[in-house]
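Here is the structure we will look at.
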Amino acid sequence: MSTVWVTQETNKDFSGARQYGRVEFITDEDLHSVDGPHNEWLLGHLKRRVEKINLDEDWIVLAGSPYVAAVVMAMLGERANELRLLRWDNRDHRYIPMELNLP
């Protein structure tokens, strides 16, 4: 079964993503504005979580902090030429699968 990896846990309802797989959150933390031990810890945590993503089967949902999402996408870009994203459609209130080919 596929996993839907949400970049950051928020108070949003991600139940609609369950039709694509089991929902897992990469983190519930955010980067701090001042570099320090917390950011070092979080970057290591993100790297360990991102390494668990099966790029052929799993899906990514970008949610929460744009800074966390950017770091996750950068880490994924180092591993893959193609990403499987679920994009939220505000009009139809559903996730739309999107395969993104990276240059």
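The numbers here are math on the coordinates, done by the rules we state, and not lab data. These figures come from a predicted structure and were not determined experimentally. Please note: Cβ atoms are built from the backbone with ideal geometry, for glycine as well, and neighbour counts cover all protein chains shown.
Here are the numbers:
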item: Options LEU102, LEU76: the member that is surrounded by 13 or more Cβ atoms within 10 Å (Cβ to Cβ) and either over 22 Å from GLY16 (Cβ atoms) or out of contact with any Gly (no Cβ under 6 Å at 6 or more places or on another chain) (or both); result: LEU76
item: The range 50-103 - residue that is among the β-branched types (Val, Ile, Thr) and assigned to a strand (DSSP E or B) and, of those, farthest from VAL6 (Cα to Cα); result: ILE96
item: The lone exception for LEU43 - which of (1) outside any loop (DSSP other than H, G, I, E, B); (2) within 17 Å of ALA63 (Cβ to Cβ); (3) touching a residue at least 24 places away in the same chain (Cβ under 8 Å); (4) not basic (Lys, Arg) it fails; result: (2)
